[in-house]
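Okay, structure first, notes after.
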Amino acid sequence: MQKTRVIAIAAAALLALTACGDDGGNGNGESADPADFPEGSTMARIVEEGTITIGTKFDQPLFGLQGPDGVPVGFDVEIGQLIADELGVEAEFVEAQSAQRETLIQNGSVDLVVATYTINDERKELIDFAGPYYVAGQSLMVTADNTDINGPDDLAGKTVCSADGSTPAQNIRDNYPDAELVTYGAYTDCLDPLSSGQVDAVTTDNVILAGYVNEQPDDFKLVGEQFTEEPYGIGLAKDDDDFRTFVNDTLEAAYEDGRWAEAWENTAGAVLDTPEPPAVDRY
């Protein structure tokens, strides 16, 4: 993967960071030109401005985690960087918590959201998606000494923690009503309550939970099989067909030339085997 540099900045009352590829353009070291894209397109505007703003998570190991130095790292960050490199611009990463993602896109605060963002029909009424670029699955994390919960069928009467506005939280509401759901702004907000016994389990996608278990293997463990499929997409403005096509083209090129696999192996691949990239859905 290309090395990135990240510059901390403040933007829209959010902590933001700017990462740019060393060679600065098109994934091949070539600088892009606004004239390379349709006049008035999002791509032309971004190239003219020299920066693409990307929302990502800052609290999810392996996919989007802000380190002590303030630099976000992970598979989602690398996917965003691939798109920035293809345009030949810097990538400014801002935090996008689950409940904020559609709002950030709709109000123009970001150009894209790459943030463990499950594609579903309800969200597609508000925004568009490129991808998917990975398919995850909802799972459960409990304390290492827990023997009561071995899967979602054991959640009746238990307190389950997830993130505001997330697909896993809604799935618990809809399909496991006998569980008591508690939600916070970020998944990391669930970790202390789990450790202290205030909640019995944390639920979100398997890859996110695997990152927490990898960081604290003596404290947490995953239980049961995945019980959903969660295709991760790249969120962008509704009806921006040209930009969605460009992002999908970039993903498919990265599948073919190995950049997608390299991004995985440098991040989530520290814990999880490299999967086959999913087919892009050009709906």
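Tabulated values for the structure
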| read-out | value |
| --- | --- |
| Residue list for the range 242-262, restricted to those being hydrophobic (A, V, I, L, M, F, W, C), surrounded by fewer than 18 Cβ atoms within 10 Å (Cβ to Cβ) and under 19 Å from the mean Cα position of the chain (by Cα) | Ala261 |
| Ser162 vs. criteria among the hydroxyl-bearing types (Ser, Thr, Tyr) and under 19 Å from Ala136 (Cβ atoms) | yes |
| Gly165 within 15 Å of the chain's Cα centre (by Cα) and closer than 30 Å to Arg45 by Cα | no |
| Criterion (of a type outside the set (Gly, Ala, Ser) and without any contact (Cβ under 8 Å) to a residue 24 or more places away in the chain) met by exactly one of Asp111, Asp145 | Asp145 |
| Candidates Gly137, Gly88, filtered to the one that is of a type in the set (Gly, Ala, Ser) and surrounded by fewer than 17 Cβ atoms within 10 Å (Cβ to Cβ) | Gly137 |
| Filtered residue count, the range 144-170, keeping only those that are buried (at least 19 other Cβ atoms within 10 Å of the Cβ) and either under 25 Å from Arg101 (Cα atoms) or assigned by TED's automatic domain parsing to the domain that holds Ala99 (or both) | 8 |
| Scope the range 198-241; condition charged (D, E, K, R), surrounded by 16 or more Cβ atoms within 10 Å (Cβ to Cβ) and either closer than 16 Å to Ser98 by Cβ or in contact (Cβ under 8 Å) with a residue 60 or more places away in the chain (or both); matching residues | Asp205, Lys221, Glu230, Asp240 |
| Count of residues meeting criterion [within 23 Å of Pro72 (Cα to Cα) and in a helix (DSSP H, G or I)] in the range 256-281 | 10 |
| Checklist (1) crowded, with 24+ Cβ neighbours inside 10 Å; (2) more than 28 Å from Asn214 (Cβ to Cβ); (3) under 14 Å from the mean Cα position of the chain (by Cα) applied to Leu62, failing item | (2) |
| Cβ-Cβ under 7 Å pairs, at least 6 apart or on other chains, the range 54-67 side within 14 Å of Ala263 (Cβ to Cβ) and assigned by TED's automatic domain parsing to the domain that holds Trp260, far side polar (S, T, N, Q) and not in a loop (DSSP other than H, G, I, E, B) | Phe63/Thr116; Gly64/Thr56 |
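The values are calculated or read from the model by the stated rules, or taken from the named source; none is laboratory data. If you're wondering where the values come from, they're calculated on a predicted model, not measured in any experiment. Here the Cβ is made from the backbone with ideal geometry for all residues, glycine too, and neighbour counts use every protein chain on show.
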